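The next block holds one structure in the form of C-alpha cells; read it before the comments.
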2 protein chains.
Amino acid sequence: MNSNVETTSGLSGTISGEITETLRDAIITGEFPQGSKLSETKLAKDLDISRGPLREAIRKLEGMNLIQHIPQQGARVVTLSPKFVLEIYETREALETKAASLAALNMSSGEIDQLHRVIDAQSKFMHDNSNAHIPAESDYVFHEILIRGAKNNVIKNALLHRLYPLIKMFRYQNSKASNSTSNSLLEHRQIIYAIEQRDPELAAVTIKRHIVRARNRIERRFNENIDGD
Amino acid sequence: MNSNVETTSGLSGTISGEITETLRDAIITGEFPQGSKLSETKLAKDLDISRGPLREAIRKLEGMNLIQHIPQQGARVVTLSPKFVLEIYETREALETKAASLAALNMSSGEIDQLHRVIDAQSKFMHDNSNAHIPAESDYVFHEILIRGAKNNVIKNALLHRLYPLIKMFRYQNSKASNSTSNSLLEHRQIIYAIEQRDPELAAVTIKRHIVRARNRIERRFNENIDGD
DNA sequence: CAACCAAAAAATGTTGACATTTTTGGTCTT
DNA sequence: AAGACCAAAAATGTCAACATTTTTTGGTTG
C-alpha cells in the first residue's frame, strides 16, 4: 500500500496502531474510494491480522473523521461532499484563526525561526522552478508549526488529528484544488510578520483571510463544476 | 451507576455503545476519579462483559477526549488541570463564536422559537426561585439549540461530542464554578436578539463575550485557589 | 414479470483463551 | 538500609471460534 502521505504519528508499537496508519494513508490517497465499505472480514484477510485490532483501528479512524461507522452495518469511508468540505474549512477558519492569535502571544523565537526557514525554502523552490504552486507538504509544515506554536493542545489536536486528515484527503484527491497559489507565499510572510510583531489581532485577521480565500477558491470550483463543464 | 447526566445519544443497540454511555456518565460525574486507571480486566468483570466491547468503548471515549490511552499501559481518565480547562474554553470560544454567526444566518424561525422557550423557562425558574443560577441542564439546552442552528455538522460534532463532555465533567465536579451567573440570562437574551436580527457579527461578539466571561470567572477561581485559600 | 418470502450466506458483535509486555514483590548483594 | 536483579503475577494485545444480525439469493406466488 502507498504510504508516503505522512509517517509521523506515534501510533506504532501495536498492530492496531500500525493498521491505523496504513488505513489512514490508504483513505487519504483514495486507495479506498470515498463512500466505499470497509469490510472487516475482507480487510483482516488482506492485511493478515485478526479482526480485533482492525476494529480498534476503525474506531480510531472514526475519531479522525475519516470513517463513518454505523452499528450492525459496518464502516464506510467518508464522502467529501461539497457541503462537507466547506464545513471543514469553516471549522478550520474558526480554530486556526484562534491558533494564530495565540501563536502571536506564545510562540518562541526558535519556532518563529522555523517558520522563516520553511518560507525561505518555499521561496527558493518557487524561484528555482518558476512554479506557481508551493508543494502541499511544505504548506502543511508551515501551518503545523504555527498550530503547535499556539501552545493549546486542545486546538492542536482538533486541527492536526481531526481536521487536517480530511483536508489532506481532499487536497490529495483534488490536486487541482490546491491551496497553494502564487499568493500563498506572500500571505505566509504576512502571517509571520504579525507573529513577529506579537500582534494577535493582526495575526488573526491575516490567517483568517488566508483560509477564507482558500475556502472561496474551493467554493468557486464547486460551482464551476455544477453549471459549467 | 449514576447516569442522569445525559441519556440522549444514539450509541445504543450494541454492548459497546451501552458501555460507552455508562462509562461516559461515570467519568463526567467523577465516579471514576480524574487520572485514575481504567483496568480492562476489572471493569469487564464489574460490568459483566468481555474485554472486546469494553476496549471499543474506551476508544470511543478517547475520541470524546474523556480518556487518555497509552499503548501497553492502559487507559486513564483525563485530568482537568487548570491549563487544560482554560484551553478547552479557548477552543469553545473559537468554535461557538463561529457557530453563533452561522446560526444568525442559518437558523430557522422554529429554532429561534425554541431558544425563546428555553430562556422563558429559565426566566420563570429564576423568578420563582429567586435563584441566581440557571440550572446547568437548561444552559446546555440553550447552547445545543444554537449549535445545531448553525447547520455545520463539523462544528456541531466538535462541540457536542468532543468539547461539551469535558465542559460537563468540569462543571459537574466543580459545581461552584457554575457558568450560570445572574448575568447569563441577560446574555442569552442578547444572543437571541442578534440572531433574530440575522446579524452574524453581533451574534459573534455577543457569544464570544459570554464565553470569555465564563472563562475569566474560571481563571479567577483557579488563581484564588493558588495564592489565597 | 414483479413482488414477496424463506433459507442460505456473509457480515458484524461478542466471547474466552492465548501471547506478550508491564508491574509487583521479594531476595540477594553492596 | 538502599538498590539491583529475578521470578511471579497481573495487565494489555491478539487471535480464533461462536452468536446474532443483516444481506443475498433463489424460488414461489399473485
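Since every read-out is calculated from the coordinates, none of them should be taken as a lab result. This is a predicted model, so every value here is computed, not measured. Using ideal geometry, Cβ is built from the backbone for each residue, glycine included, and neighbour counts are taken over all protein chains shown.
Below, the figures for the structure above:
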quantity: Inter-chain shielding of B:84-95 (mean C-beta neighbours from other protein chains, 10 Å cut-off); calculated: 5
quantity: Members of A:K83/A:K168; B:K83/B:K168; A:K168/A:K208; A:K124/A:K168 lying beyond 22 Å, as alpha-carbon distances in this model show; calculated: A:K124/A:K168
quantity: In sequence order, calculated HN-Hα J values of region A:67-80 (Karplus, 6.51, -1.76, 1.60; Hz; x Gly/Pro); calculated: 9, 10, 10, 10, x, 6, 10, x, 10, 10, 5, 4, 9, 7
quantity: Region B:1-151 - charge dipole about Cα centre, Lys and Arg +1 at Cβ, Asp and Glu -1, debye rounded to 20; calculated: 540
quantity: Chain B: angle of helix B:200-227 to the longest principal axis, Cα-based, in degrees nearest 10; calculated: 50
quantity: Inter-label distance, nm, simple model (7 Å from Cα along the C-beta direction), A:S108/B:S108; calculated: 5.2
quantity: Calculated from backbone phi, Karplus (6.51, -1.76, 1.60) coupling profile of region B:114-127 in Hz, x at Gly/Pro; calculated: 4, 4, 4, 4, 5, 6, 4, 5, 5, 4, 4, 4, 5, 5
quantity: From phi via Karplus (6.51, -1.76, 1.60), per-residue ³J(HN,Hα) for region B:20-26 in Hz, x at Gly/Pro; calculated: 4, 5, 4, 5, 3, 5, 5
quantity: Rg(Cα)/(2.2 N^0.38 Å) for region A:82-227, N = residue count; calculated: 1.01
quantity: Neighbouring partner chain Cβ atoms per residue of B:157-166, average, 10 Å criterion; calculated: 2
quantity: Gyration tensor (Cα) of the protein assembly as shown, equivalent ellipsoid semi-axes in angstrom; calculated: 34, 31, 22
quantity: Dipole moment magnitude, nearest 20 debye, region A:82-227 about Cα centre, only Lys, Arg, Asp, Glu C-beta charged; calculated: 280
quantity: Proximal lysines to A:K42, defined as alpha-carbon separation beneath 22 angstrom and excluding residues fewer than eight positions away on the same chain; calculated: A:K60
quantity: Spin-label model distance (nm) - B:S81 vs A:Q34, 7 Å beyond Cα toward Cβ; calculated: 4.0
quantity: Rounded tilt (10° steps) of A:51-63 against the dominant C-alpha axis of chain A; calculated: 30
quantity: Distant-in-sequence amide H partners of B:L38 (H built 1.01 Å from N, under 5 Å); calculated: B:A75, B:R76, B:V77
quantity: Rounded tilt (10° steps) of B:82-106 against the dominant C-alpha axis of chain B; calculated: 50
quantity: Extreme residue, positive dipole direction of region A:15-77, given options A:I27, A:V77, A:L47 (C-beta unit charges); calculated: A:V77
quantity: Net dipole in debye of the protein assembly as shown [+1 Lys, Arg Cβ; -1 Asp, Glu Cβ; about Cα centre; nearest 20]; calculated: 160
quantity: Inter-centroid distance (Cα atoms) of region B:5-80 relative to region A:120-144, Å; calculated: 44
quantity: Pairwise Cα inverse-distance average, inverted: Kirkwood Rh of region A:15-77 (Å); calculated: 11.4
quantity: Under 15 Å from the A:E201 label point (7 Å along Cα→beta-carbon), backbone N, region B:186-215; calculated: B:205
quantity: Positive-end residue of B:A158, A:T14, B:I145, charge dipole of the protein assembly as shown with Cβ unit charges; calculated: A:T14
quantity: Exam field: B:S109 pseudo-label spacings to other copies (7 Å along Cα-Cβ), nanometres; calculated: 6.1
